[in-house]
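Below: one structure, written as structure tokens.
The values are calculated or read from the model by the stated rules, or taken from the named source; none is laboratory data. None of the values given here were measured: they were computed from a predicted structure. A quick note on method: Cβ atoms are made from the backbone with ideal geometry, for glycine too, and the neighbour counts reach across all protein chains shown.
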Amino acid sequence: MEKYVIHGGKPLHGEVEISGAKNAAVAIIPAALMVHGVCRLENLPEISDTDTLLRILTYLGAKVNMINRSTVELDCTHVQMDLIPDQMWDMTRRIRASYYLIGAMLGRFGRARTTMPGGCNFGIRPIDQHIKGLTALGADVTLSGGFICANARDGHLHGRTIYLDKVSVGATINIMIAAVTAEGRTVIENVAREPHIVDLANFLNSMGADVRGAGTDVIKIRGVKQLHGGSYALIPDQIEAGTYMAAVAAAGGSIRVSNIIPKHLEGISSKLQEMNVEVEEGDDYVLVRRDGPLHNANIKTKPYPGFPTDMQPQMTAVLCCAPGVSVVTEAVWSSGRFKYVAELNKMGAHIEVEDQSAFIQGVDSLTGATVRACDLRAGAAMVIAGLAAQGVTQIEDVLYIERGYQDIVGKFRALGADIRCIDEPEEPARGWNAG
Ligand code: EPZ
């Protein structure tokens, strides 16, 4: 079993280049199932979630040609399967984004069957809004025995107006993918506005779809007969960038975070500035520096453009050493997203969770300990805490982290961190999920 060992307390210096956005990649790869022809994807992150999805597509009959570490050519023209075969169930159960295969297969074949998705386990993760949208487009959707089945009632989908009762990234993406070839016009109201929603729309449009309004709260889609091949470069990962920014806030130092879109980081940058961290924006980079004491701050997560829930654990790790009391409120997920707090407290943090909020009493410094990555972003928070802590931190269950961060150990080492990955003899398998 791999674990990370960190000798903390060293400020970070240098430059880190951000990879393509995980949550865009895990939507765009399944969406490529809709494309007839060769679809070239650039700036794909090299993480296990994308690897899993590419393996599933290969099994379904797609030609997958890795051009280099971040570029792949996908040809799904001859894919015939409208159900995920049992050999793939283990993979589809591991990741959240496998449910986008439902939208894609339904859109392409009028039928789809796969397992219920996995995903980071921070409480109940309903999919009622996905079902509402796909049903409105003319599908019968059933959930039974851990499987999702969807059948277009008359063989194909029809455009409709759909109002999402809850702003959901996943439901917005699934309905968008399914609707691109539905007959007529689909209007989805109260949609998510995350940068990866816009990226998916741009990808679909560059393959011949007609999707408008992504980035606002109404998306309008005029169905086209089919999508054609093309080339598309994914946006950089705003959460990966935010994680390195948070790390320098916690450990101190001065770094340049490059290959980013600063606009996507505004919520994170302004919160860090409030915490006495200098953030200077360039065209496609930010300079981040912290050499004075941190200031306490309150954070409440919200759908984009609000403060991202996927940065909540990392910011809590930073605030552990900010004098005074900080309050971090989780308003997207349940308090199940605070499971990692017990791990931070093992490192000497003083955090109490009440309802949806974590109350953080700042301490002078954290102390290294053996902790585990409870999920992807919780794992990133442990890395940040370990970098800031005095002494040695060991992080277990790092598979979670590697599902969403490309070469996190190599990137932190290049910034001067003393972090390494060691392999220890295997323990009995534990369930693992991400996304
Ligand atoms: C996506 O999850 C991301 N995952 C998550 O990132 C992220 O935390 C989340 O969006 C919010 O930004 C992927 O993109 C693969 P939602 P998703 O549907 O789509 C409720 C990470 O670390 N809801 O926007 O599953 C739901 O319970 C991961 O990269 C319903 O009630 O999230 C939650 O409270 C973790 N019914 C809220 O909406 C539904 O049908 C937002 O969920 C769907 C969701």
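When you scan region 35-43, do you find a residue that is surrounded by fewer than 21 Cβ atoms within 10 Å (Cβ to Cβ), at pLDDT 95 or above and within 20 Å of the chain's Cα centre (by Cα), even just one?
Looking for residues that are surrounded by fewer than 21 Cβ atoms within 10 Å (Cβ to Cβ), at pLDDT 95 or above and within 20 Å of the chain's Cα centre (by Cα), one finds at least one in region 35-43, hence yes.
Filtering region 227-242 to residues that are assigned to a strand (DSSP E or B) and within 16 Å of the ligand (Cβ to nearest atom) leaves only 236. Within region 107-164, the residues that satisfy the criterion of being within 16 Å of the ligand (Cβ to nearest atom) and assigned to a helix (DSSP H, G or I) are 128, 129, 130, 131, 132, 133, 134, 135, 136.
Applying the criterion of being assigned to a loop (DSSP other than H, G, I, E, B) and within 16 Å of the ligand (Cβ to nearest atom) to the residues of region 180-219, the residue that is surrounded by the most Cβ atoms within 10 Å (Cβ to Cβ) is 191. Test residue 20 against the stated conditions and say whether it is out of contact with any Gly (no Cβ under 8 Å at 6 or more places or on another chain) and surrounded by fewer than 24 Cβ atoms within 10 Å (Cβ to Cβ). No: the conditions fail for residue 20. Residues satisfying the criterion are absent from region 374-385 (criterion: touching a strand residue (DSSP E or B) at 6+ places or on another chain (Cβ under 9 Å) and surrounded by fewer than 24 Cβ atoms within 10 Å (Cβ to Cβ)). For residue 263, the conditions (1) without any contact (Cβ under 8 Å) to a residue 60 or more places away in the chain; (2) farther than 24 Å from residue 385 by Cα; (3) assigned to a strand (DSSP E or B) all hold with the exception of (3). Just one residue in the set 347, 382 is on the phi < 0 side of the Ramachandran plot and free of Cβ contacts under 8 Å to residues at least 60 places away in the same chain; that residue is 347.
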